[in-house]
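Structure first, commentary second.
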Amino acid sequence: MSVDGGAQRPGDEADGPGWEVDPDDDWGVAVIATVGRQLRLRREAAGMRAGEFGVATGYGEDLVYKIEGGKRIPRPEYLDKADEVLAAGGLLAAMKEDVAKVRYPKKVRDLARSEARAVEMGLYSNHNVHGLLQTEEHMRALFDVWLPAYSDEETERMVAARMARRSVFDRSPAPALSFVQEEVTIRRPVGGRMVWRRQLERLLEVSQLRQVSLQVVPTSCEEHFGTGGLIEVLKFPDGTAVGRSEGAFGGRPVSDPKQLRILELRYGMIRAQALTPRESRALIERVLGES
């Protein structure tokens, strides 16, 4: 029921939290403003008032104005319905891909763009299985225990963004991917036994890909160079690179050669202490068998 006691309209939930445009996201603001303007122009060209369009699509008039004014991110089904009602021939529905990206946090979009350009990636994780290696169930289990808690909308946004980044495995030509994981990340049963088992199976599956090297640093390793936390180094076709680490340079992405050399040195030392890819697969298989 709505707050005035009437029946809730089918599309009213689209005006809920999580569908606002981040005012600090210049690209996102521009995309949603353009989409809203196209929707308004096509509605007016069809001779429909906002209220009439709302009735035809099943959405409230107020929400129609907010979307057309670039104040709200339209749901995919809104664009589908608008395309149908306005006989746009698929042009409005085609906007769904860019609109969906707006819902991803800006820093995640920036990371995904870098990953899409990279020809080589070195990735070290010491707290959790790296995001590119996670199953959807594993992701949700991690987000569910985050404090302060994510809303359902925020969780869906984060999961969708992380799942979209997994397209890096399907690129052609494929980038060279080197993952180094701490042993604890494959032993912690995040999400419960079955979720954990499927995550281990996913690791074994990815480790078989020709362009992937997956190594595990055993907990028994006495000298450890990974105490600074996560490290990521991405190299691009033009010879440039970008890297970041939780324990260096304030966690900010860096591209200065001197700073990159520090991250590469740390990553190289951690990788040298890890088990070989073959030994790492054997360890994961052993942990899976014990579960």
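The values are calculated or read from the model by the stated rules, or taken from the named source; none is laboratory data. Just so it is clear, the structure is predicted and the values come from calculations on it, not from any experiment. Ideal geometry is used to build each Cβ from the backbone, glycine not excepted, and the neighbour counts take in all protein chains shown.
Worth pointing out:
- Residues that are in a helix (DSSP H, G or I) and surrounded by fewer than 18 Cβ atoms within 10 Å (Cβ to Cβ), drawn from the range 66-77: 76, 77
- When 197, 202, 166, 162 are screened for being surrounded by 14 or more Cβ atoms within 10 Å (Cβ to Cβ) and over 18 Å from the mean Cα position of the chain (by Cα), only 197 passes.
- Residues satisfying the stated conditions in the range 89-131, i.e. hydroxyl-bearing (Ser, Thr, Tyr) and closer than 28 Å to residue 77 by Cβ: 104
- Flag if residue 58 is without any contact (Cβ under 8 Å) to a residue 40 or more places away in the chain and of a type outside the set (D, E, K, R): no
- Evaluation of residue 191 against the conditions (1) surrounded by 14 or more Cβ atoms within 10 Å (Cβ to Cβ); (2) closer than 28 Å to residue 76 by Cα shows that the sole unmet condition is (2).
- The residue list 143, 179 contains one member that is buried (at least 20 other Cβ atoms within 10 Å of the Cβ) and of a type in the set (A, V, I, L, M, F, W, C), which is 179.
- Scanning the range 254-291 for residues that are outside any helix (DSSP H, G or I) and without any contact (Cβ under 8 Å) to a residue 60 or more places away in the chain yields a total of 3.
- For the range 78-118, a tally of residues being over 14 Å from the mean Cα position of the chain (by Cα) and in a loop (DSSP other than H, G, I, E, B) returns 8.
- Single match in 205, 182 (criterion: modelled with pLDDT of 95 or more, more than 20 Å from residue 268 (Cβ to Cβ) and out of contact with any helix residue (DSSP H, G or I) (no Cβ under 8 Å at 6 or more places or on another chain)): 205
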